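Structure record follows, encoded as C-alpha cells.
The values are calculated or read from the model by the stated rules, or taken from the named source; none is laboratory data. For clarity, every value in this text was computed on a predicted model and none was experimentally measured. No Cβ is skipped: glycine too gets one built from the backbone with ideal geometry, and neighbour counts run over all protein chains shown. Ligands, DNA and RNA are stripped out before the accessible areas are found, and what is left, the full protein with its side chains, is counted by its heavy atoms. Shrake-Rupley method; radii C 1.70, N 1.55, O 1.52, S 1.80 Å.
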Amino acid sequence: MTDKITAKDINEQDKTLLADLQDALANCMKCGNCMEVCPVYKEVGKEAAVARGKLSLMEGVLKGAIPLSAAFDTAMSKCVSCKACTAKCPCGVPADELILRGRQAAVKARGLHPIKKKVFALLKSRQLFDFSLRMAGIFGPLNFKKLPGKMASLARFPMPGMDYKRVTAPFASTPLRNQYPEVIKVDKPKMRVGFFTGCTINYMYTDVGQSVLNVLKENDIEVTMPSLQHCCGTPVYMSGDVDSAKILAKHNIEVFDEYNFDYIVSACGSCTEAFRIEFPHLFHDEPRMKEMTERLAKKTYEISEFLIDVVKIDKSKLGPVNTTVTLHDPCHMARGIKVTKQPREVLKSIPGLKFVEMKQPDRCCGSGGSFSLGNYELSRKINDKKIADIASTNADLVATSCGTCRMHLMDGLHQNKLDKNALHVIQLLDQSYKAGHKK
Amino acid sequence: MEKHHINALKEIVGEENVLTSAEDLYCYSYDATPGHAHMPDAVVSPANTMETSQILKLANDNRIPVYTRGSGTNLSAGCVPTKGGIVLLMTRLNKILEVDLENLVAVAEPGVIVADLNKEIATLGLIYPPDPGTVATATLGGTVAENAGGLRGLKYGVSKHYIMGLEVVLANGDIMNTGGKNVKDVSGYDMTKLFTGSEGTLCVITKIITKLVPAPEAKKAMMAIFKDLDNAGKAVSAIIAAKIIPATLEIMDNATIRTVEDYAKVGLPLDAQAVLLIEVDGNPIVVEKEAEKVMEALKANHADFVQIAKDDAERDKLWAARRAALPALAKLRPTTYVEDATVPRNKVPDFLRAVSSIAKANNVTIGTFGHAGDGNMHPTIVCDIRQPEEMKRVYKAMDEMFSAAIELGGTLSGEHGIGLGKLPWMEQQHGPVTMNAMKSIKRALDPNLILNPGKLVGEC
Ligand SMILES: Cc1cc2nc3c(=O)[nH]c(=O)nc-3n(C[C@H](O)[C@H](O)[C@H](O)COP(=O)(O)OP(=O)(O)OC[C@H]3O[C@@H](n4cnc5c(N)ncnc54)[C@H](O)[C@@H]3O)c2cc1C
Ligand code: SF4
Ligand code: SF4
Ligand code: SF4
C-alpha cells in the first residue's frame, strides 16, 4: 500500500474513471449549501467530511495537486450516501454519486477496506453466501445473545465488521425463501408479482417477508419468490466495487426477466432503487441489458407504494391496532425513489393507530448500508440524534421501510436504553389485517 | 511555517485540532469564490478566546499569516489563505451564551450558524434580521465580519445595524471588548462598527452581542411583471415615495427570467423585462393597508400583470421564481460569479440596462437579480473558468460592470464585502485619500500584517 498513487496512475488503468468526472465536479460552485444537511459533517465538523470538501478532493486528485492517498479513501468513506446534499444542491450536482465514483477510484487503486473485502467476497458467490448466512442462522443462538422481549440480540462473538456491543437482528434459522414454496398461490389471483426479498429480509427479518406475503395474499395477489435471486448489490456498489455490483445486478435482472411478472415488489427502498435507478444506470451502455433493465424498472415498486398506488387496497378490511407510531423515512425512499406519502397513507389507514410525525423524519439514521461497518462510532452519533427525535414524539414504536434502518434504529433504541420497538410499516398493516379478521 | 510552529499550535489547541495533511489543507484552500484557491500550512481550530489569543500571539511573533474562517461561504475570496500560513477555523466556538429578554439582546460565539440563532429565538417571538442566502450555513462571525445583509435588507438593514458589541482578539493576541448592551453608546470611536465588516483584516471576533427585534406578526407577498424596464423602476420609486418600506423588494432582469422559466417553469412571460417581488411585513392591519398601496403603485406604473398572495401556499409560489434565480443561473455553466454591485435605487433600471449591454458586447452570460429596493444588485456571470479565452471576456465584462456601478454613484459591494474579489476597483471607488486612511488603520491595528494580508485594503 503506497500513498504515492496519483491520478495519472489510476488513469493508466482506467482512462475514464476520474477524468470524465471533471465536468460534473466543475459544476459545484462551492456555495457550501450542503453543509446544512450533511449528517456526517454535522458530527465531524471538518470540510473533508462535507460534500463540498469531498468533491474538491476529487478535483485535487484530478489536477494532480494531491495524491490519491489513504486519507483520500478515508474522506470518501465518510459518507452515508443519504443524498441529502444532492437534494439540497442549487447547482444540481449529484454529489452522492460522485463520491461513489471517488470510492471506485480508490478501490481501483488499492482494493477494499479489509473487512468489507471479506464480506463482499462472500456476496459474490450466491451458494457460498446462502450457505454461510444460513449457518449463521442455524448457529445463531451460539452467536447471539437474545435480549429480552425485542427482535434484537447482542453479538456474543466478534463478527467480521461488527462492533462488539452492537445489537443486530439474529440470522433466521430458516431463511424466508426456504419457509415457503417458490410460488404462493391464491384463489382467483388479481395479478402475479415477483417478490425481491433482498438479503436483510431473507436472512434476518423474515418477519417482514412474512408480513409482505400475508398482505399480498389478503389482496388476492399471487406471489413468486424466484429462488435464484441474489443480493441486489447495493452495498458492494456503494463501496466502490462496481465490477462485483454488475455481476450481482446482471444475475438478478436475468432471473426476474425470465418470469414475466406483472409487477416486481420489494419491501426496501434501496432494493427498489436498485431495480429502478441503479441497474439501468449500470447497464446504460449495453443495449441488450439496458432494454431488459428498463422493462423491469418500470414494473418495480416498493411495497407501500405498490399497495397504495397500484393495488389501491380496500381499507374497510382493516382492524384496529391500538398504538402510537412515528415514521422514519429511509434516505433511499425519501430521496432515492421519492416515496414518502404512501407509507404514511398505509399507517394512517389503520384504525386505532395514532400517527405522530417526528422532527425531520427524512434525516438519515446513520446506517448508510455498509457505512456503519467501517464507521460504527460515527454512525452511532448520527443515530443518537434520530433516536432523540423519536423519543421526543413519545410514540410506542417507530416504523420504517428498510431493514438496515430498522436494525440500526433497534441498536440505537437499545444503546439509548429506550424500551421501544422498530418495525417495518408493512408489519403494522399485517397486524391490522389480522385484527380485521377477528372483527 | 516550521515544524516547531505546528508543534506549538498543537500545544495550544490539542493535536486533533491542528490539521496538516495535504488532503485537509486542500479542503481549506477555497471558499465560495471562484478562481482564488491557495493551500494553507495548517488549519487550527481553537475552542475559546484564550486559545485564539495564544494562536495570534504565536503567529504575530513569527510573522505567520492568519486567515480566519467561519463556514467559508463568502463570495470575495475572504478566507482564502493566499500567502499560506494558518487557517483559523472558528466553528468550534458555537455556543449561544445568552438571550437577554429584558434588553432584547443575544450574546453568542462566532461559530453559531445564523439560522440556529434564529431558531433559538423564534419561540420567543424575536428575530435577528440579517438573512444572507446562506443563513442556514453561514456563521455569525462570518456574517459580522462580512457585514452581510440579505433579502430583508431594505427594511432591516445589514449586520452592522444589529451588532451592539464585540469581543475581539487583536493581531498581537490582546483581547479587547467593544460596545455592550447599551442602546445608546457614543463613548469613543465606534470600534464595533469598524470591526463589523472588517473581513478578518483587523481582528478575530470571538464574541458577539446582537440586537434582537420582534418578529413581524404578518407578511404579505406580491408579484408584478413588467414588459418595460423603466416602468418597473418607476414602480419601485413610487412605492418608496408612498412612504412604504417593504421588507423585501426584489427584481429579476430578462436574462434571469428566461433562465428561471426554462428551469423551473413558474409561468413567467419570456418577453418580460423585469419581475418585481415585494413583501411587506409587520402589524396585520398595517400590512393589509401597505399591500393595497403597493398594488396601487404597481398598477399606476403600468405593471402588465400583478398578483397578491392570499395564503402561505400562494406566498410560496410567488417566492419560487426568486428562489430559483441563482440555482437556475448556476446550472447553466460550471463557474458562477455572484457579484454584488450596488447603485442608488433610482438608478436600478440604468444599471440593469448597462449590464445587459456589457454582457452582449463581451459575449458573456450575465443574469441580474437583486434587491431593487436598496439598489443592491447581484449580476451573476456564468462561464467556465477552464476556458482562458472566455475568461478574458468575463474579466473585461466585470471590469466594465463595476465601473458602470461606480459611475452611477454606486458601490462595489452592498453586502458581500471586498476581500480579493473586488479589490481591483477599490481605489477607483474611494480615491487615494480614503485608501490611505484605511491602510493606516490596518497598519495601526496589525503592524506585522498577519491578519488576512492583502485583502480588503490591499498590500500595505
Ligand atoms: C449562494 C450564496 C448566496 C449568498 N447570499 C448572500 C446574501 O444574500 N447576502 C450576503 O450578505 N451574503 C451572501 N453570501 C455571502 C456569504 O454567505 C456571506 O458573506 C457570509 O456572511 C459568510 O459567512 P461565513 O461563515 O461563511 O464566513 P466565511 O466565508 O468563512 O468568512 C467570511 C469573512 O469573514 C472573516 N471571518 C469569518 N469569521 C470571522 C471571525 N470570527 N472573526 C473575524 N473575521 C472572520 C473571514 O476571514 C472572511 O474574510 C452568499 C454566498 C453564497 C455562496
Ligand atoms: S455540492 Fe452543491 S451544495 Fe455543495 S458546495 Fe457544491 S454546489 Fe454547493
Ligand atoms: S450523501 Fe449524505 S453523507 Fe454523503 S456527503 Fe451527501 S449529505 Fe453527506
Ligand atoms: S438493498 Fe440491502 S436488503 Fe436490499 S438486497 Fe441490497 S443489501 Fe440486501
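For the stretch B:292-321, a residue qualifies if it is in a helix (DSSP H, G or I), farther than 17 Å from B:Lys234 by Cα and open to solvent by less than 30 Å² (accessible area, probe 1.4 Å), and the qualifying residues are B:Leu318, B:Trp319, B:Ala321. If you go through the stretch B:260-271 one residue at a time, do you hit one that is in contact with an Asp or Glu (Cβ under 7 Å, 6 or more places away or on another chain) and either of a type in the set (Gly, Ala, Ser) or without any contact (Cβ under 8 Å) to a residue 24 or more places away in the chain (or both)? Looking through the stretch B:260-271, at least one residue is in contact with an Asp or Glu (Cβ under 7 Å, 6 or more places away or on another chain) and either of a type in the set (Gly, Ala, Ser) or without any contact (Cβ under 8 Å) to a residue 24 or more places away in the chain (or both). Residue count for the stretch A:295-310 under the criterion of being out of contact with any helix residue (DSSP H, G or I) (no Cβ under 8 Å at 6 or more places or on another chain) and without any contact (Cβ under 8 Å) to a residue 24 or more places away in the chain: the result is 1.
Yes/no per residue for (1) in contact (Cβ under 8 Å) with a residue 24 or more places away in the chain; (2) open to solvent by less than 10 Å² (accessible area, probe 1.4 Å); (3) within 11 Å of ligand 1 (Cβ to nearest atom); (4) closer than 18 Å to B:Glu109 by Cβ:
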site: B:Thr134; (1), (2), (3), (4): yes, no, yes, no
site: B:Thr137; (1), (2), (3), (4): yes, yes, yes, yes
site: B:Gly149; (1), (2), (3), (4): yes, yes, yes, no
site: B:Leu154; (1), (2), (3), (4): yes, no, no, no
site: B:Gly165; (1), (2), (3), (4): yes, yes, no, yes
site: B:Val168; (1), (2), (3), (4): yes, yes, yes, yes
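Is it the case that A:Leu296 is buried (at least 24 other Cβ atoms within 10 Å of the Cβ), more than 16 Å from ligand 1 (Cβ to nearest atom) and part of a helix (DSSP H, G or I)? Against the criterion (buried (at least 24 other Cβ atoms within 10 Å of the Cβ), more than 16 Å from ligand 1 (Cβ to nearest atom) and part of a helix (DSSP H, G or I)), A:Leu296 does not qualify. The residues of the stretch B:5-55 that are more than 12 Å from chain A (Cβ to nearest Cβ), in contact with a Gly (Cβ under 6 Å, 6 or more places away or on another chain) and either surrounded by 22 or more Cβ atoms within 10 Å (Cβ to Cβ) or part of a loop (DSSP other than H, G, I, E, B) (or both) amount to a single one, B:Asp41. Apart from one condition, B:Ala320 fits all of (1) within 14 Å of another protein chain (Cβ to nearest Cβ); (2) in contact (Cβ under 8 Å) with a residue 60 or more places away in the chain; (3) out of contact with any helix residue (DSSP H, G or I) (no Cβ under 6 Å at 6 or more places or on another chain); the exception is (2). Contact annotation: residue pairs with Cβ atoms under 6 Å, 6 or more positions apart or on different chains, pairing a residue in the stretch B:227-247 that is of a type in the set (Ser, Thr, Tyr) with a partner that is open to solvent by 30 Å² or more (accessible area, probe 1.4 Å), are B:Ser237/B:Asn346.
The lone criterion from (1) away from chain B (no Cβ under 14 Å); (2) away from ligand 3 (no atom under 16 Å from the Cβ) left unmet by A:Arg103 is number (2). Residues that are part of a helix (DSSP H, G or I), open to solvent by 10 Å² or more (accessible area, probe 1.4 Å) and under 27 Å from B:Val236 (Cα atoms) within the stretch B:364-397 comprise just one, B:Asp374.
Here's the yes/no breakdown for (1) away from ligand 4 (no atom under 16 Å from the Cβ); (2) small (Gly, Ala, Ser); (3) farther than 17 Å from A:Tyr237 by Cβ:
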residue: A:Ala26; (1), (2), (3): yes, yes, yes
residue: A:Lys63; (1), (2), (3): yes, no, yes
residue: A:Pro67; (1), (2), (3): yes, no, yes
residue: A:Asp73; (1), (2), (3): yes, no, no
residue: A:Met76; (1), (2), (3): yes, no, no
residue: A:Cys79; (1), (2), (3): yes, no, no
residue: A:Thr86; (1), (2), (3): yes, no, no
residue: A:Cys89; (1), (2), (3): yes, no, yes
residue: A:Gly102; (1), (2), (3): yes, yes, no
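Each residue in the stretch A:328-354 was checked for being open to solvent by less than 40 Å² (accessible area, probe 1.4 Å) and outside any helix (DSSP H, G or I), and 8 of them qualify. Going residue by residue through the stretch A:263-271, is there one that turns out to be away from ligand 1 (no atom under 16 Å from the Cβ), modelled with pLDDT of 95 or more, within 20 Å of the chain's Cα centre (by Cα) and not small (Gly, Ala, Ser)? Scanning the stretch A:263-271 turns up at least one residue that is away from ligand 1 (no atom under 16 Å from the Cβ), modelled with pLDDT of 95 or more, within 20 Å of the chain's Cα centre (by Cα) and not small (Gly, Ala, Ser). Against the conditions (1) basic (Lys, Arg); (2) open to solvent by 30 Å² or more (accessible area, probe 1.4 Å); (3) over 16 Å from the mean Cα position of the chain (by Cα), A:Arg380 satisfies every one except (2).
Report whether or not B:Ala274 is under 29 Å from B:Leu408 (Cβ atoms), open to solvent by less than 70 Å² (accessible area, probe 1.4 Å), modelled with pLDDT under 90 and not basic (Lys, Arg).
Judged against the criteria, B:Ala274 is not a match.
Residue-wise test of (1) open to solvent by 10 Å² or more (accessible area, probe 1.4 Å); (2) in contact with a Gly (Cβ under 8 Å, 6 or more places away or on another chain); (3) over 21 Å from A:Tyr433 (Cβ atoms); (4) in a strand (DSSP E or B).
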| residue | (1), (2), (3), (4) |
| --- | --- |
| A:Val193 | no, no, no, yes |
| A:Asp207 | yes, no, no, no |
| A:Val212 | no, no, no, no |
| A:Leu216 | no, no, no, no |
| A:Pro226 | no, yes, yes, no |
| A:Asp243 | yes, no, yes, no |
| A:His251 | yes, no, yes, no |
| A:Phe256 | no, yes, yes, no |
| A:Ile264 | no, yes, yes, yes |
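Screening the stretch A:360-370 for residues that are within 13 Å of ligand 3 (Cβ to nearest atom) and modelled with pLDDT under 80 and picking the one that is most open to solvent (accessible area, probe 1.4 Å) gives A:Gly369. Candidates are the residues of the stretch B:56-70 that are part of a loop (DSSP other than H, G, I, E, B) and out of contact with any strand residue (DSSP E or B) (no Cβ under 8 Å at 6 or more places or on another chain); the one that is farthest from B:Thr134 (Cα to Cα) is B:Asn62.
For the stretch A:38-46, the count of residues that are in a helix (DSSP H, G or I) and either more than 15 Å from ligand 3 (Cβ to nearest atom) or facing chain B (nearest Cβ under 8 Å) (or both) is zero.
Might you let me know whether the stretch B:331-340 holds any residue that is on the phi < 0 side of the Ramachandran plot and either away from chain A (no Cβ under 14 Å) or at pLDDT 95 or above (or both)? Yes; the residues of the stretch B:331-340 include at least one that is on the phi < 0 side of the Ramachandran plot and either away from chain A (no Cβ under 14 Å) or at pLDDT 95 or above (or both).
Can you name every residue in the stretch A:64-97 that is within 9 Å of chain B (Cβ to nearest Cβ), open to solvent by 10 Å² or more (accessible area, probe 1.4 Å) and of a type in the set (Val, Ile, Thr)? Across the stretch A:64-97, the qualifying residue is only A:Thr74. Would you confirm whether or not the stretch B:221-235 contains a residue that is among the charged types (D, E, K, R) and either closer than 20 Å to B:Arg323 by Cα or in contact with a Lys or Arg (Cβ under 8 Å, 6 or more places away or on another chain) (or both)? Taking every residue of the stretch B:221-235 in turn, none turns out to be among the charged types (D, E, K, R) and either closer than 20 Å to B:Arg323 by Cα or in contact with a Lys or Arg (Cβ under 8 Å, 6 or more places away or on another chain) (or both).
Just one of the listed residues (B:Leu97, B:Leu101, B:Leu58, B:Leu89) is of a type in the set (A, V, I, L, M) and within 13 Å of chain A (Cβ to nearest Cβ), namely B:Leu89.
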